[in-house]
Amino acid sequence: PYHTWNYFTLSARHPLFRDLSIPYYPAPTTVFDVQAAPSAEVLARFLAPMAGRYLPLTEPVRPAIVLNKFGKGSSLYLAGTFGEMLSSYGPIEYRRLIKNAALLLSRSLAHLAGDSDNIELVVRRQGARLIVHLINYAGIVPRPFEHVCPQTGAELHIAAEALADRQGEIKLRTLVSGCDCPRRREQDEWIVYLPKIQEYEVVVLE
């Protein structure tokens with residue numbers, strides 16, 4: 001058992017830690033004491049349990065995040081109740097860590113970037129057409145929500161392979177706002193600058 005005043009620290013530079021720059025992160029309240037396999041890379045380590053708050057930091061002693069090969073892919077092991085910590089307290093660093101892990105270990109046709117948050121993205125194909133559904137969950141407290149806070153500054157990044165048969169400009173339309181969004185091609189992806197998103201938006205690319 002760890003208390004809420006314990007920490008883990010990064011042991012290696014890795015894309016998993018993109019946008020994570022502080023030296024110490026809150027540890028989950030239960031930690032598993034594991035030993036990494038020789039083939040594995042320990043990306044982060046838990047500090048030894050501290051006796052209380054406002055005391056000198058302890059030394060890193062046990063693996064917290066371990067990356068290893070598994071079959072033809074990779075295995076990312078979080079040695080503790082990171083999910084419970086995320087659900088109970090929602091640390092920003094945990095949200096970024098899980099988002100980075102999902103982008104790193106999966107193959108996605110689209111993802112969101114920019115200044116938006118709390119938007120669910122669902123991608124569907126309809127023949128050669130790509131349809132992106134965006135659902136805004138930014139409810140204004142108190143619960144139950146009566147209003148949703150509009151989201152601005154969102155960028156939709158589409159993998160170029162998803163629109164590989166388009167040699168030039170792509171056709172794009174938004175079904176709710178009816179906007180013709182600015183977009184540009186950058187290396188292996190299209191970047192679409194989305195309009196203000198109220199509760200829901202649909203982007204059609206063809």
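The values are calculated or read from the model by the stated rules, or taken from the named source; none is laboratory data. Source: prediction; values computed, not measured. A quick note on method: Cβ atoms are made from the backbone with ideal geometry, for glycine too, and the neighbour counts reach across all protein chains shown. For the accessible areas, the whole protein counts, side chains as well, though only heavy atoms, and no ligand, DNA or RNA atoms are used. Shrake-Rupley method; radii C 1.70, N 1.55, O 1.52, S 1.80 Å.
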Test ALA128 against the stated conditions and say whether it is small (Gly, Ala, Ser), under 30 Å from LEU43 (Cβ atoms) and open to solvent by 50 Å² or more (accessible area, probe 1.4 Å).
no
Subset of region 24-42, residues over 26 Å from SER88 (Cβ atoms) and in contact (Cβ under 8 Å) with a residue 24 or more places away in the chain, comes to GLN35, ALA36, ALA37, SER39, ALA40, GLU41
When you go through (1) touching an Asp or Glu at 6+ places or on another chain (Cβ under 6 Å); (2) under 17 Å from ASN68 (Cβ atoms) one by one for TYR25, which number turns out not to apply?
(2)
Of residues in region 52-77 being over 16 Å from PRO28 (Cα atoms) and of a type in the set (A, V, I, L, M), the one least open to solvent (accessible area, probe 1.4 Å)
LEU67
Do the conditions hold for TYR89, that is, is it free of Cβ contacts under 8 Å to residues at least 60 places away in the same chain and not β-branched (Val, Ile, Thr)?
no
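Quick grid of which residues meet (1) closer than 26 Å to ASP117 by Cβ; (2) within 24 Å of the chain's Cα centre (by Cα); (3) not basic (Lys, Arg):
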| residue | (1), (2), (3) |
| --- | --- |
| PHE17 | yes, yes, yes |
| ALA27 | yes, yes, yes |
| VAL31 | no, yes, yes |
| PRO60 | no, no, yes |
| ALA64 | yes, yes, yes |
| ASN68 | no, yes, yes |
| SER74 | no, yes, yes |
Among the numbered criteria (1) open to solvent by 60 Å² or more (accessible area, probe 1.4 Å); (2) part of a helix (DSSP H, G or I); (3) without any contact (Cβ under 8 Å) to a residue 60 or more places away in the chain; (4) under 27 Å from ALA37 (Cα atoms), which single criterion is violated by LEU104?
(3)
Go through region 162-193 and give me each residue that's open to solvent by 80 Å² or more (accessible area, probe 1.4 Å), modelled with pLDDT under 90 and charged (D, E, K, R).
ASP165, GLU169, LYS171, ASP180, ARG184, ARG185, ASP188
Can you confirm whether GLU146 is farther than 29 Å from LYS69 by Cβ, modelled with pLDDT of 85 or more and open to solvent by 30 Å² or more (accessible area, probe 1.4 Å)?
yes
If SER116 passes every condition in (1) without any contact (Cβ under 8 Å) to a residue 60 or more places away in the chain; (2) under 18 Å from the mean Cα position of the chain (by Cα); (3) part of a loop (DSSP other than H, G, I, E, B) but one, which one does it miss?
(1)
So how many residues does region 3-20 have that are part of a loop (DSSP other than H, G, I, E, B) and closer than 20 Å to LEU76 by Cβ?
7
Apart from one, (1) free of Cβ contacts under 8 Å to residues at least 24 places away in the same chain; (2) touching a Phe, Trp or Tyr at 6+ places or on another chain (Cβ under 8 Å) all hold for ARG45; the odd one out is (1)
